[in-house]
Amino acid sequence: MIKLNRINTGLEKLQPIKVVQFGEGNFLRAFVDYAFQRLNKEVGFNAGIAVVQPLKDGMINMINDQDGLYTLFMNGIKKGDKIQDIELINNIVKGINPYSDFADYISLAKEEQLQFIISNTTEAGIEFIETDTQNMQPPVSFPAKLTVLLHERFQHYNGDAAKGLTIIPCELIDYNSETLKKYILQYCDLWKLGADFKTWASDACTYHSTLVDRIVPGYPRAEIEEYNNKLAYQDNLIVAAEPFFLWAIEGGDALKAKLPFHQTNLNVKIVDDIRPFKMIKVRILNGAHTAMVPFSLLYGNKLVMETVNGSFTGTFVNNVISEISETLDMDKNEILAYTEEVMDRFKNPFIKHALADIALNSISKFKVRVLPSLVGYYNANKKLPTNLTFSLACLIQFYKGTWNNEVLPVKDSQEIVEAFKVAWQLETLKLVVAKVLANIEFWGEDLTKIEGLSEATVFALNEIEANGIEQGFANFSKNI
């Protein structure tokens, strides 16, 4: 079987770099890169993408080894029929690791046709690290890396406002573009980059908050032979996704002119306010995903589909969604319709979505996706939500790192992993829970102040350790 590269596929001609993308993972490749490919094909947009590896360890070498090419499989059910669309994505023209070649990274600022900055560095990626400096090659945080790039562009083009960039972050945090812009301007002040640059970064560049919605399991490791048999080349970067696609972006007519998605059939909505789209998606789809991961892994499941199809675990997920739905101030029929759609997407037989793959940065995800529902339910009902509270206990148990003598797929920052290690060395579960729930760095608030939450979490953890997930939950639900 031939190697996948541009020579073997006749795709030697490269499109000009119009997009710099921070993040090389499965989601961006199955979502944003696919979207720009549709623009290229259907509208003649002619946009090439330069992908920047945001962390020291990443996949850029693999991407460059295939000249930026990879295959996207979109698998699902449409009107009762199974469908599978296969597309070779060919718009990544360059992969850059700023940790090994910072000069290559900074040269992107001089790209004449560059228009867009796209990112998905997970919820933990948009942060302000005060110890980052302008002279670091590169700085640690994504906002700092971007500030360095913007400043280089500002200097190269002598502050030309026409060379400002359209910045579209895809991280699942509230007001993602506003937060990113705030941190960029903070770096302007911290690094004393001058009033002219700060004005250019604020006004010549535009910032657009987003909502992204597509389930992307990524590399289909368990079925890779089946996937490879459908290709005429060897692809080490196959990515699997569902057909469902929604990209809501805040912006007006100027953004629509820059990004003419309305001339395609792709479900991209450029709207004045993404909050209604975001609320229901982050709380229900992402919230259910995040809540189910530790619970279901501790139970012994490996996949989302396995979880929602299981009698016990599927009922738990449905009840989690019911508790979340109670906290949403939206039309109940809309919520019900969306919930049914989400459960169908979770049950997609083509999608082997590994729970371990969703476990990355579970603490920051729980804070954004699940905690508002838990707190909202408590505030509205003056009692704790049974299923969401149990999911919090499972999260704490999961971050212990081992279960039944097996290592759990905990993937988080060193600081968070170390904080849990310290907490789990305390003498009693009461002390463990107090230490974890009081950690404002985790949750943005002291959760021990929620009446009864500490006691309920301790009780749940005792039941989990003594009786396992299923019997432990049964005992917990009778007594909460």
Inset, instruction - Rank by packing, highest mean first: peptides 135-142, 169-176, 35-42, 419-426, with packing defined as the count of other Cβ atoms within 10 Å averaged across residues. - result: 169-176, 35-42, 135-142, 419-426
Legend entry - Acute angle (nearest 10 degrees) that the helix 414-424 long axis makes with the longest principal axis of the chain, alpha-carbon atoms: 10 degrees
Inset, instruction - Can you run the Rg to Rh ratio on the stretch 279-479? Use alpha carbon positions and the Kirkwood inverse-distance Rh. - result: 0.94
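How do V370, V407, V43, V93 rank when sorted from fewest to most other Cβ atoms within 10 Å of their own Cβ? The partial results should precede the final answer.
Working: V370 25, V407 8, V43 15, V93 20.
Sorted ascending by nearby Cβ count, the order is V407, V43, V93, V370.
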Inset, instruction - Sequence neighbours fewer than 8 away in the same chain don't count; with that in mind, list the aspartates and glutamates whose C-alpha is under 19 Å from K3. - result: E12, D65, D67, E87, E225, E226, D235
Inset, instruction - Sort L180, L88 so the one with the fewest other Cβ atoms within 10 Å of its own Cβ comes first. - result: L88, L180
Inset, instruction - Assign unit charges at the C-beta atoms only (+1 for Lys and Arg, -1 for Asp and Glu), then state the dipole size of the stretch 2-271 relative to its Cα centre in Debye, rounded to the nearest 20. - result: 540 debye
Inset, instruction - Using only the C-alpha atoms of the chain, find the volume of their convex hull and express it per residue in Å³. - result: 156 Å³
Inset, instruction - Find out how many positive minus negative residues lie around I224, taking Lys and Arg as positive, Asp and Glu as negative, among other residues whose Cβ is under 12 Å from that of I224. - result: -1
Inset, instruction - Give the distance, in whole Å, between the Cα centre of the stretch 303-330 and the Cα centre of the stretch 5-81. - result: 33 Å
Inset, instruction - With an 8 Å cut-off on Cα pairs and a minimum separation of 6 or more residues, tell me the relative contact order of the chain in percent. - result: 12 percent
Inset, instruction - For the stretch 315-322, take each phi angle, set θ = phi - 60°, evaluate the Karplus expression 6.51 cos²θ - 1.76 cosθ + 1.60, and give the result in whole Hz per residue in order, putting x for glycine and proline. - result: 4, 4, 4, 4, 6, 4, 5, 4
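Treating only the Cβ of Lys, Arg, Asp and Glu as charged (+1, +1, -1, -1), what charge dipole size does the stretch 279-479 show about its Cα centre? Round to the nearest 20 debye. The partial results should precede the final answer.
Values: 19 positive and 23 negative charges, 22 e Å.
The dipole magnitude comes to about 100 debye.
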Inset, instruction - Enter the Cα centre distance for the pair the stretch 107-141 and the stretch 389-447, rounded to the nearest angstrom. - result: 30 Å
Inset, instruction - Any of K365/K478; K332/K478; K18/K56; K400/K421; K269/K352 with alpha carbons more than 18 Å apart? Name them for me. - result: K365/K478; K332/K478; K18/K56; K269/K352
Inset, instruction - Convert each backbone phi in the stretch 205-216 into a coupling constant with the Karplus relation 6.51 cos²θ - 1.76 cosθ + 1.60 (shift: θ = phi - 60°), then list the ³J(HN,Hα) values in order as whole Hz, x for Gly and Pro. - result: 8, 10, 10, 10, 6, 9, 10, 10, 8, 6, 7, 10
Inset, instruction - Enumerate the aspartates and glutamates that K192 could reach by cross-link, defined here as Cα to Cα under 16 Å, with residues fewer than 8 away along the same chain left out. - result: E130, D132, E152
Inset, instruction - Output ³J(HN,Hα) for the stretch 333-350: one whole-Hz value per residue in order, computed from phi by the Karplus curve 6.51 cos²θ - 1.76 cosθ + 1.60 with θ = phi - 60°, and x for Gly and Pro. - result: 5, 5, 4, 4, 5, 5, 4, 4, 5, 4, 5, 5, 5, 4, 8, 3, x, 7
Inset, instruction - With the cut-off at 18 Å, report for the stretch 188-247 the share of all Cα pairs above it, as a whole percent. - result: 63 percent
Legend entry - Protection proxy ranking, peptides 262-275, 392-405, average beta carbon neighbours within 10 Å, highest first: 392-405, 262-275
Inset, instruction - Order these peptides, 157-164, 244-251, by their mean beta-carbon neighbour count within 10 angstrom, highest first. - result: 244-251, 157-164
Inset, instruction - Rounded to the nearest 500, what is the 222 nm mean residue ellipticity of the chain from helices alone, with -39500 (n - 2.57) per DSSP H run of 4+ residues and division by all residues? - result: -13500 deg cm²/dmol
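Taken together, the values in this text are just the output of simple stated rules run on the coordinates, not laboratory data. As the structure is a prediction and not an experimental result, all values here were calculated from the model. Quick reminder, even Gly has a Cβ in these numbers, built from the backbone with ideal geometry, and neighbours come from all protein chains shown.
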